[in-house]
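Q: Can you read through this structure? Questions will come right after.
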Amino acid sequence: MNIYVAHSNKFDYIKKLYEPIKNAKSLSIHNFFFPHDEVNKLVKTKEIIKNYDLVIAEVSLPATGLGIELGWADDSSTQILCIHEKGSKISSSLKFITNNFIEYDNSKDLIEKIEKFLNSL
């Protein structure tokens with residue numbers, strides 16, 4: 001499965017998102033696109049999102065760019081999974097683009113829940 005990973009620039013995405021996903025052997029069967037990896041910084045993500053199976057959006061922190069990416073995903077009927085840290089207040093408008101939400105405690109919990117979600121597809 002091709003999976004695009006979206007997030008706020010203010011979120012510690014390298015430590016809390018990219019590294020746990022990249023290090024999870026259980027997720028290595030999937031092709032993840034990390035937009036802020038150095039090799040991807042000049043890629044036009046609007047086209048990438050249209051051709052991916054799923055967008056995993058870390059929504060613990062609001063961000064305009066993240067909202068734009070989610071709009072592109074919704075417009076192209078790309079499935080969306082919103083993930084957020086326990087205790088974070090997420091935007092109520094997210095419910096208009098997906099019913100898929102995961103609240104997580106830590107990196108291990110996050111990976112287990114993403115794996116469970118992907119296995120259910």
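Q: Before rounding to the nearest 500, sum -39500 (n - 2.57) across all DSSP H runs of length at least 4 in the chain and divide by the residue total; then give [θ] at 222 nm in deg cm²/dmol.
A: On the way: 4 runs with 37 residues, N = 121.
One gets -8500 deg cm²/dmol as the mean residue ellipticity at 222 nm.
Q: Continuing with this model, one more query. Leaving out ligands and nucleic acids, note down the accessible area per residue over the chain with a 1.4 angstrom probe, in whole Å². All intermediate terms of the calculation are to be shown ahead of the outcome.
A: Working: 7050 Å² over 121 residues.
Solvent-accessible surface per residue comes out at 58 Å².
Q: Taking the inverse of the average 1/r across all pairs of different Cα atoms in the chain, what Kirkwood radius in Å do you get?
A: The Cα-based Kirkwood calculation yields 14.3 Å.
Q: Something else: What FRET efficiency comes out for the pair VAL43/ASP109, r = Cβ-Cβ distance, R0 = 35 Å, nearest 0.05?
A: 0.70
Q: Ignoring ligands, DNA and RNA, what percent of the 1.4 Å accessible area of the chain is carbon and sulfur?
A: Using a 1.4 Å probe with all protein chains present, the chain comes out at 49 percent carbon and sulfur.
Q: All other residues with a Cβ under 13 Å from the Cβ of PHE33 taken together, and with Lys, Arg as +1 and Asp, Glu as -1, what is their net charge?
A: Details: positive: LYS22, LYS41, LYS44, LYS46, LYS50; negative: ASP37, GLU47, ASP53, GLU69.
Result for the neighbourhood of PHE33: +1.
Q: Sticking with this one: Report the gain in length on full extension from SER92 to MET1: 0.36 nm times residue separation, minus Cα-Cα distance, nm rounded to one decimal.
A: Full extension from SER92 to MET1 adds 30.0 nm.
The values are calculated or read from the model by the stated rules, or taken from the named source; none is laboratory data. The structure presented is a predicted model; accordingly, all values stated were derived computationally and were not measured. Backbone-built Cβ (ideal geometry, glycine too); neighbour counts: all protein chains shown. Note: areas computed on protein heavy atoms with side chains; ligands, DNA, RNA excluded. Shrake-Rupley method; radii C 1.70, N 1.55, O 1.52, S 1.80 Å.
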